[in-house]
C-alpha cells in the first residue's frame, strides 16, 4: 500500500529525478504517463535521482487512456493552479493518486473539466505562474503522509 504520484507527460528530467528520489523516501509509487521529453537514462534525471532511482517503484503508462484503464476505480486528485480547492481541504487515504501536469502547461483542461471536484491547488503569490513541479509534489505528498500519520516512515 502506498500513495501514488502521477506525472503526465513530464518535460524536465531533473524534476522527474528529484520526484523519483522523493517517492523512494516517502514509500510512494511514481507513475509516468508518456510521452516524455527525455529518456529514463538521461544524465540530469540520474543526477537528481542519485543512486535511489534503482529503488523506485516506477510504473510507465503509454497514454492517459492506458493509465485510466488501469486506475479509473482509484481516488485520483488533479493538482492545478486553476483549482479553487486548497490541497489541505481534502482527507486523503492510502493508495490515493495525485496527478501533476507537464511543467510548461499543466494538466489539459479536457481532463480537468471531467474531474473538477477532485482538483487541488497550492496557494501562492500571484507574482508567479506556478511553483516548481518537484516542490509541488513534495508539498502535496507530505500533506497526505501527515494525514496518514507517516505510514512506514521514521
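The values are calculated or read from the model by the stated rules, or taken from the named source; none is laboratory data. Model, not experiment: these values are computed from the prediction. Glycine gets a Cβ as well: all are built from the backbone with ideal geometry, and neighbour counts include every protein chain shown.
Got a sec? Which strands (runs of 3 or more DSSP E) wholly within the range 23-118 have at least 3 residues that are within 27 Å of residue 129 (Cα to Cα)?
It comes to 29-33, 76-79, 97-100.
Return the residues of the range 1-11 that are in contact with a helix residue (DSSP H, G or I) (Cβ under 7 Å, 6 or more places away or on another chain) and assigned to a loop (DSSP other than H, G, I, E, B); say none if nothing qualifies.
Within the range 1-11, 3, 10 meet the criteria.
Criterion first (out of contact with any strand residue (DSSP E or B) (no Cβ under 6 Å at 6 or more places or on another chain), part of a loop (DSSP other than H, G, I, E, B), under 23 Å from residue 13 (Cα atoms) and free of Cβ contacts under 8 Å to residues at least 60 places away in the same chain) does residue 139 satisfy it?
no
Would you check if there is a residue in the range 30-41 being touching a helix residue (DSSP H, G or I) at 6+ places or on another chain (Cβ under 6 Å), under 21 Å from residue 146 (Cα atoms), modelled with pLDDT under 95 and buried (at least 20 other Cβ atoms within 10 Å of the Cβ)?
No: zero hits.
A quick yes/no check of all residues on (1) free of Cβ contacts under 8 Å to residues at least 24 places away in the same chain; (2) within 17 Å of the chain's Cα centre (by Cα); (3) farther than 19 Å from residue 2 by Cα:
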residue	(1), (2), (3)
41	yes, no, yes
59	no, yes, no
62	no, yes, yes
71	no, yes, no
83	no, yes, yes
97	no, yes, no
121	no, yes, yes
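Listed residues 108, 10; which is at pLDDT 95 or above and farther than 18 Å from residue 140 by Cβ?
Selected residue: 108, the only one of 108, 10 that is at pLDDT 95 or above and farther than 18 Å from residue 140 by Cβ.
Hey, can you tell me all the residues within the range 103-135 that are within 18 Å of residue 19 (Cβ to Cβ) and out of contact with any strand residue (DSSP E or B) (no Cβ under 9 Å at 6 or more places or on another chain)?
Hits for the range 103-135 are 103, 104, 105, 130, 131, 132, 134, 135.
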